[in-house]
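Data block below; observations after.
The values are calculated or read from the model by the stated rules, or taken from the named source; none is laboratory data. Just so it is clear, the model here is predicted, and its values are computed rather than measured. Every residue, glycine among them, receives a Cβ derived from its backbone with ideal geometry; neighbour counts consider all protein chains shown.
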Amino acid sequence: MILTRQHIRLLQEHVYTIMVMMAGLIQYPVAEIAGADYTTASSYITQSVLDNPATTDAQMRTQLNNVRTGLAATKALVTTYTYKPLIGMSSQTDAAGRSSYYEYDGFGRLNLVRDQYQNIVKKNCYNYLGQSTSCGTDVYPQWQVTGNTRFKPCQQNPTYNSPVQQQEEKDINPASPTYNQTIWVDYAIQFNPLESEWVNTSTPVRCRQISGQNTGEVEQEQVYSNPCGDIYGWTRWVVVGTNTSTCPLPPYFTCDDESGYYYSQTCASGANPDPIFVSVPAGHSTSTISVADANQQAILYAQNYANQHGTCTVPTFPLYFNNSATDGYDVYLYTPGTTDNPLYTFYIPASTSQAIGNILPGTYDIHIVGRVGLNSAYFDVGCSSTGYGTDQWFTNVSMANNSCNTIAASN
């Protein structure tokens, strides 16, 4: 078996196939690697193993698995294959590490396909046309789930559980040599740290503090002891009691810095509060109860300040004019009872329908004047005002962001 640079075929960018020469005349692909370069991938191959004609199928799989484990920390995807020379593929392991095994009969024909647990997933039988066959006595295990589950014992320390969940399977084939025997099969991973797996360290206990002030509580350091856990070796501090003699309370507690943006809670209906920055530095408020109580007093102060000094904004909404008349119109919106200094002025061309601008909700006197003024038109303003002519006034019209925010004109 020979591995050379000439035996690396570039399939696409950073995708390689490693070929080996078997039986002296046929090249077989034994590894397909995506996401790694030739130099890195080939560094995990031991040339002497590939060159040795006596290398067994199992030894070849072990050798190829070195590529997979060597590239495990990268984004490379590795698929490996082994072969029986001049017969066919004997195993395949995909990029996820799942293996399939292939067995052949005395004529070199594919007989069995097994999964990674050696379960038979496919069986081929051969006979001449018209000849019946029993396909032989099935002596292979038929594993059936029993319903029992467990966490796989931790390999480093069996007194702990690993996060791997297993289900029990039983061989139900009476002709199988393992009939009625059970096995445990991995099927899921679920890590749930148990409180009992946190153990106290030799570190002395300490006083629990918030913002540098004693709370009167005593803390103990603990370490997570399950060697199969994702957080093995992590430490934490937990409260184990209260002792104001060992951890005396301060004469009073001071608040943390609670400065920030606050919002008025007194805005009228339909108005949105604007952010206002309120400065509440550390130590602004004190309490004889706790730091949390001092912080709450500081927050209450900031909120009261925002209620007194914060502003509110009433959102505007679009005013629509559906104009199917042959004239363009100037539109003026006034404070009710006034005829000077309009609050809003808009223009809508003839035969045009569009939003003419945004206004605040409220009640208006509305004046509509035709630009040319030759053709009278029918007007519908808001939900209840109508008129006819070339120059029309509509008083006390309520406009809001609903179906009553439209003016219509037609001849």
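Of all residues in the range 168-175, one or more are buried (at least 16 other Cβ atoms within 10 Å of the Cβ), at pLDDT below 90, on the phi < 0 side of the Ramachandran plot and not assigned by TED's automatic domain parsing to the domain that holds Ser225. With respect to the conditions (1) modelled with pLDDT under 90; (2) in contact with a Lys or Arg (Cβ under 9 Å, 6 or more places away or on another chain); (3) of a type outside the set (A, V, I, L, M, F, W, C), Gly106 falls short on a single one, namely (2). Take the conditions (1) of a type outside the set (S, T, N, Q); (2) within 36 Å of the chain's Cα centre (by Cα); (3) not in a strand (DSSP E or B); Tyr140 misses just one of them, which is (2).
For the range 246-303, give me each residue that is in contact with a helix residue (DSSP H, G or I) (Cβ under 7 Å, 6 or more places away or on another chain), of a type outside the set (Ser, Thr, Tyr) and farther than 30 Å from Pro315 by Cβ.
Going through the range 246-303, the residues in contact with a helix residue (DSSP H, G or I) (Cβ under 7 Å, 6 or more places away or on another chain) turn out to be 253-256, 258, 262-266, 276, 278, 280, 284-287.
Adding the requirement that they be of a type outside the set (Ser, Thr, Tyr) leaves 253, 255-256, 258, 265, 276, 278, 280, 284.
Matches in the range 246-303: Phe253, Cys255, Asp256, His284.
What number of residues in the range 226-241 are in a loop (DSSP other than H, G, I, E, B) and either closer than 30 Å to Ile276 by Cα or touching a residue at least 12 places away in the same chain (Cβ under 8 Å) (or both)?
Of the residues in the range 226-241, the ones in a loop (DSSP other than H, G, I, E, B) are 226-234.
Now narrow it down to the ones that are either closer than 30 Å to Ile276 by Cα or touching a residue at least 12 places away in the same chain (Cβ under 8 Å) (or both): 226-231.
Counting residues in the range 226-241 that are in a loop (DSSP other than H, G, I, E, B) and either closer than 30 Å to Ile276 by Cα or touching a residue at least 12 places away in the same chain (Cβ under 8 Å) (or both) gives 6.
Taken over the range 57-85, the criterion of being in a loop (DSSP other than H, G, I, E, B) and farther than 15 Å from Tyr102 by Cα is satisfied by Leu71, Ala72, Ala73, Thr74, Lys75, Ala76.
Restricting the range 160-198 to residues that are among the hydroxyl-bearing types (Ser, Thr, Tyr) and not in a strand (DSSP E or B), which is farthest from Ser225 (Cα to Cα)? This residue is Ser176. Looking only at the range 390-397, decide whether some residue is part of a strand (DSSP E or B) and on the phi > 0 side of the Ramachandran plot. Yes, there is a match, as at least one residue in the range 390-397 is part of a strand (DSSP E or B) and on the phi > 0 side of the Ramachandran plot.
Every listed requirement among (1) farther than 12 Å from Ile407 by Cα; (2) surrounded by fewer than 13 Cβ atoms within 10 Å (Cβ to Cβ) is met by Gln354 save one, (1).
Of these, Thr326, Thr244, Thr339, which one is part of a loop (DSSP other than H, G, I, E, B) and within 30 Å of Ile210 (Cβ to Cβ)? Write out each step before concluding.
Values: Thr326 fails: within 30 Å of Ile210 (Cβ to Cβ); Thr339 fails: within 30 Å of Ile210 (Cβ to Cβ).
From the options Thr326, Thr244, Thr339, the qualifying one is Thr244.
Among the residues of the range 185-233, those identified as on the phi > 0 side of the Ramachandran plot and at pLDDT 90 or above are Gly216, Gly233. Restricting to the range 160-178, give me the number of residues that are over 34 Å from the mean Cα position of the chain (by Cα) and without any contact (Cβ under 8 Å) to a residue 24 or more places away in the chain. Count: 1. For the range 325-343, the tally of residues that are of a type outside the set (A, V, I, L, M, F, W, C), crowded, with 17+ Cβ neighbours inside 10 Å and either under 14 Å from Val397 (Cα atoms) or under 51 Å from the mean Cα position of the chain (by Cα) (or both) stands at 2.
Identify, from the list Ser211, Ser202, the residue that is without any contact (Cβ under 8 Å) to a residue 12 or more places away in the chain and either closer than 30 Å to Asn226 by Cα or not β-branched (Val, Ile, Thr) (or both).
On the way: Ser211 fails: without any contact (Cβ under 8 Å) to a residue 12 or more places away in the chain.
After applying the criteria, what remains is Ser202.
When restricted to residues that are within 18 Å of Pro349 (Cβ to Cβ) and surrounded by 13 or more Cβ atoms within 10 Å (Cβ to Cβ), the range 393-411 contains 4.
Of the residues making up the range 301-320, not a single one is more than 45 Å from the chain's Cα centre (by Cα) and either outside any helix (DSSP H, G or I) or assigned by TED's automatic domain parsing to the domain that holds Gly260 (or both).
Filter the range 271-291 for residues that are closer than 22 Å to Thr215 by Cα and surrounded by 14 or more Cβ atoms within 10 Å (Cβ to Cβ) and give the result. Break it down stepwise before answering.
Of the residues in the range 271-291, the ones closer than 22 Å to Thr215 by Cα are 281-291.
Hits for the range 271-291 are Ala282, His284, Ser285, Thr286, Ser287, Ser290, Val291.
All told, Ala298 meets the bar of being out of contact with any Leu (no Cβ under 9 Å at 6 or more places or on another chain), hydrophobic (A, V, I, L, M, F, W, C), more than 30 Å from Ser162 (Cβ to Cβ) and without any contact (Cβ under 8 Å) to a residue 60 or more places away in the chain.
When you check Tyr305 against the structure, is it touching a Pro at 6+ places or on another chain (Cβ under 6 Å), among the hydroxyl-bearing types (Ser, Thr, Tyr), crowded, with 16+ Cβ neighbours inside 10 Å and more than 27 Å from Thr215 (Cβ to Cβ), yes or no?
Numbers: touching a Pro at 6+ places or on another chain (Cβ under 6 Å): no; among the hydroxyl-bearing types (Ser, Thr, Tyr): yes; crowded, with 16+ Cβ neighbours inside 10 Å: yes; more than 27 Å from Thr215 (Cβ to Cβ): yes.
Judged against the criteria, Tyr305 is not a match.
Each residue in the range 82-111 was checked for being exposed (fewer than 14 other Cβ atoms within 10 Å of the Cβ) and hydroxyl-bearing (Ser, Thr, Tyr), and 0 pass.
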